[in-house]
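Laboratory data are not the source of any read-out in this text; all were calculated from the coordinates shown. Since this is a predicted model, take the numbers as computed values, not measurements. Methodologically, a virtual Cβ is constructed for each residue, glycine included, from the backbone with ideal geometry; neighbour enumeration extends over all protein chains shown.
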Amino acid sequence: MDSPLIPEGVKRCSPKVFFLWTLPWLALLGWGGISAILCLIKGLNQTNMSNIFAFALWIVFDLAVIALGAGAFFTGFLTYIIGKKELKGIINAAVIIGFLCYTGALAMLGIDIGQPIRGWFIFWHANIHSMLVEVSFCITCYAMVLAIEFLPIILENRELGKIRGLRLFGHNLHEIMAVFAATGTFLSFFHQGSLGGMFGVMYGRPFAARGGFYIWPWTFFLFILSAIAAGPCFTILCTKLTEFLGRKKLVPDEAVQTLAKISAWLLSLYMVLKIADTLGWLNGIVPNAGLKFMDFYREGPYGAWLVAAEIIACGVLPAVILMVPRARKHEGWLIFACLLNCTGVVLNRFVFIIVTLAIPVMPFDRFWSYLPTWQEWGVGLAVVGYGFLVFSLAYRYLPVFPRETELNAAAE
Amino acid sequence: MTPFSFEWAWDVGHCIFFGLLYLALAIIGTGIAFTAVKTGLQLLGFMRERHFH
Amino acid sequence: MEEKQGHGAHRFGMVIDLDKCTGCGTCMTACAAENNVSVRSDESDKERSITWMQLYKITNGKDFPHTEVSYFPRPCMHCEEDGHGGHHPTCVSVCVATATTVDFNTGIVSQIYTRCIGCRYCQAACPYHARYFNWWDAYFPREKGLERYLSPEVSPRMRGVVEKCTFCHHRYMRAKTRAYGEGRRELEEDEYIPACAEACPAQAITFGDLNNPRHKVSKLIKSPYAFRLLERLKTKPKVYYLSKKNWIRKLADNYLPGQFKPV
């Protein structure tokens, strides 16, 4: 029924099966829509956020999704600037994943702020000393860049490609893609870093605060590093999931292995620096504030096991697995390591946001705990639904994986 | 955001931050404009299409 | 805005004598009444209550008969620095839309409600929990007497914005206007006092200009019993506390074993 829209030479499921596939994602979007409308009409009391937990589930989701979406800019950097030709088989997917992550995050932020209609004040009345201003500007500009990178893929749709003007525009845009990739790399470097900087500059919160280099706390560099270490792994995971659900090979092994190997080195470097930073912080900022490590974990729902989970289980372990070529080439170990790596980055963001706020600074204050409401889950999971839905549409109607035909012709 | 805003000051911070921001926006805008113009010229026949891959 | 606060004409600050404080809570009530602070029909969820002046109850942790209890009123500290040497409080440097600003002439950290977008970054940055967010629309129940205390000098806040103690700077404006009308430029010590200081029945709260050597506050802060909350974070708060009791002073900051020096 929709076969004229499907790219040439590839097999896709029937429209009826596809429609059934979209139903759970539409349901998530519906749940999210209701939650968002409730929050906009009734106010943020619909959430369990409070004067203690000023940042909560949505900010965790935002930071996690932006860190995981770093695969887009980094793969673009590797493909167009460094010139790793084997990544051309995966760059389209990476760009689409990045686009979905960033636009989803922006939509969630629109609900999160207390006065969404005033959101433009961040740009118009910008306080340049605030890390969050840097984040906002760079994320917005980068979302524009991602849309520009996504556009040629959309214009390669079979029916759209028949219109000469659109086909030419897509081609011409693709020819100068290196310019956009470079700009995207620059913008991403700064916003991934500033997201870390946001927490490092909270000098009133010894748990999050860090020393640094000039105006940039160490968390600035650590967040960039963890994002570019985990982003490619997230791209690999999404690709593997698509291959599993589509029951066909989509990306050549060398592309996946290149990303996995680079990820391994970056993750290893990140773990060395993260451990060094943690030790430096434990011997500097923490005792200077009159605290010990266990003071942060003596009470409350968040225990010291989080540190071990983030650094050892979801940091050192996947780094080791990915570094060993035999493990990296084994699909099961590769996926396991990618999952751990991505979980580690999400844990890291969670710890900086939720655990920072749960810990009291004044000695007579108490530890607090937090659980999201269904409205918060609704908005957060709607981004997941949006991602699945749009990626599925892209996979069905656009040439997301340019090497698909040759990989499957060989199989037949 | 612009030198006409109330909180603007011609200091190092503002110059670097907005200098880089407007540079990035200019690069993006120029890229789009260049592509649009090139496409328009090709459609009107003033430029040849180049067929690759 | 880059000038050091010490060079400003005035530095308004507060000294709270904890040995006089009885924990009656009049300061909290006076503050809420003076500043049109909104209420909810059910205020049992304290995590979302708005209390610009917040009273904490502290205890020395010992069992009967050695238990001692004290009360700790905590307004906004109007910090001078961010803890890293920067000459703005952390909340001002992190504000996205320049909606909170420190006034060079008075040292008061104020909030521009109509500009605040409600991102709550300042709330996350403040270690004193001095900032409060409007999770609901403003609500002043009618025919229950609350409308009688509403002040025309203080703007009520809409939902989705952050608010906090302002050292009742509308009273500063009122005092200055009166002084100007009388041909004076300088204010007397007792002409500008926030509502909490005025209302305290034990007269535990003293307010004045820390830069003015004739004001009581600048003399009180020189006492060996004067201390500030979380002094080691180097935020340089302008709210000082007085107490002769070591255990109270010890609870005002975090100390590793052996770091606390009794007076």
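Under 19 Å Cα-Cα from residue A:88, which aspartates and glutamates qualify once same-chain neighbours fewer than 8 residues away are excluded?
Here the aspartates and glutamates satisfying the reach criterion relative to residue A:88 are A:8, A:149, A:156, A:175, A:243, A:253, A:254, A:404, A:406.
Return the calculated 222 nm mean residue ellipticity for chain C, to the nearest 500 deg cm²/dmol, obtained by summing -39500 (n - 2.57) across DSSP H runs with n ≥ 4 and dividing by the residue count.
The helix-only estimate for chain C comes to -4500 deg cm²/dmol at 222 nm.
Among the listed pairs A:16/A:248; C:222/C:245; A:11/A:240; A:11/B:38; C:20/C:219, which have their C-alpha atoms separated by more than 23 angstrom in this model?
Where the Cα-Cα span goes over 23 Å, the pairs concerned are A:11/B:38.
In whole Å, what is the distance between the alpha-carbon centres of the range A:254-291 and the range C:49-88?
36
Per DSSP H run of at least 4 residues, take -39500 (n - 2.57); add these up for chain A, divide by its residues and hand me the 222 nm value, nearest 500 deg cm²/dmol.
The helix-only estimate for chain A comes to -21500 deg cm²/dmol at 222 nm.
Which lysines, on any chain, are close to residue A:84 with Cα under 16 Å apart, when same-chain ones fewer than 8 places away are left out?
Filter leaves A:261.
From the phi angles alone, apply the Karplus equation (6.51, -1.76, 1.60; θ = phi - 60°) to the range C:222-239 and give each ³J(HN,Hα) in whole Hz, x where the residue is Gly or Pro.
Residue by residue, the range C:222-239 yields 7, 5, x, 8, 7, 8, 10, 6, 6, 4, 6, 6, 6, 7, 6, x, 9, 10 Hz.
Got a sec to turn the phi values of the range C:180-193 into Karplus ³J(HN,Hα) couplings, 6.51 cos²θ - 1.76 cosθ + 1.60 with θ = phi - 60°, whole Hz, x for Gly and Pro?
Per residue, the Karplus-derived 3J(HN,Hα) values read 4, x, 8, x, 9, 9, 9, 9, 6, 4, 8, 7, 10, 9 Hz.
Got a sec to turn the phi values of the range C:30-38 into Karplus ³J(HN,Hα) couplings, 6.51 cos²θ - 1.76 cosθ + 1.60 with θ = phi - 60°, whole Hz, x for Gly and Pro?
For the range C:30-38, the Karplus-derived couplings read 4, 4, 5, 5, 5, 10, 6, 7, 6 Hz, x marking Gly and Pro.
Could you list C:144, C:250 so that the one with the fewest beta carbons within 10 Å of its beta carbon is first and the one with the most is last?
C:144, C:250
Between A:82, A:306, A:17, whose Cα lies farthest towards the positive end of the dipole of chain A when Lys and Arg beta carbons carry +1 and Asp and Glu beta carbons carry -1, centred on the Cα centre?
A:17
Does the range A:268-412 come out rounded, prolate or oblate, given a ≥ b ≥ c as the square roots of the eigenvalues of its C-alpha gyration tensor, rounded meaning a/c under 1.5 and, failing that, prolate meaning a/b above b/c?
oblate
Pull up all non-local amide H partners of residue C:239: gap of 5 or more, or a different chain, and H-to-H distance under 5 Å with H placed in the peptide plane.
C:14
Counting other C-beta atoms within 10 Å, which of C:173, C:28 has the fewest, and how do the rest follow?
Least to most surrounded, the residues fall as C:173, C:28.
I'd like to know which of A:246, A:215, A:268 lies farthest towards the positive end of the charge dipole of the range A:163-294, counting +1 on Cβ of Lys and Arg and -1 on Cβ of Asp and Glu.
A:246
Check the straight Cα-Cα distances from residue C:238 and name the aspartates and glutamates below 16 Å, setting aside those fewer than 8 residues away within the same chain.
In chain and number order, the partners are C:17, C:80, C:81, C:82, C:103, C:209, C:253.
Quick one: which residues, 5+ away or cross-chain, put their amide H under 5 Å from the amide H of residue C:58? H built at 1.01 Å from N.
C:70, C:71, C:72
Working from Cα positions, state the angle (0 to 90°, nearest 10) between the long axis of helix B:12-44 and the longest principal axis of chain B.
So the inclination is approximately 20 degrees.
Could you identify which residue out of A:72, A:327, A:230 has the top mean-square fluctuation in a GNM of chain A using Cα springs shorter than 10 Å?
A:327
So what's the net charge close to residue A:241: Lys and Arg +1, Asp and Glu -1, counting the other residues with Cβ under 14 Å from its Cβ?
Result for the neighbourhood of residue A:241: +2.
For chain C, what class follows from the C-alpha gyration tensor (a ≥ b ≥ c being the square roots of its eigenvalues): rounded when a/c is under 1.5, otherwise prolate if a/b is larger than b/c, else oblate?
Rounded is the answer for chain C, as its axis ratio a/c remains below 1.5.
Work out the length of the dipole vector of the range A:3-400 about its Cα centre, built from +1 on the beta-carbon of each Lys and Arg and -1 on the beta-carbon of each Asp and Glu, and round it to the nearest 20 debye.
Using Cβ point charges on Lys, Arg, Asp and Glu, the range A:3-400 gives about 880 debye.
Check which residues have an amide H placed less than 5 Å from residue A:48's amide H, if you skip close sequence neighbours.
Hits under the 5 Å cutoff: A:373.
Residue farthest toward the positive end of the dipole of the range C:12-251, with Cβ of Lys/Arg at +1 and Asp/Glu at -1: which of C:58, C:155, C:167?
Final value for the positive-end residue is C:58.
Quick check on the exposure proxy: order A:118, A:247 from fewest to most C-beta atoms within 10 angstrom.
A:247, A:118
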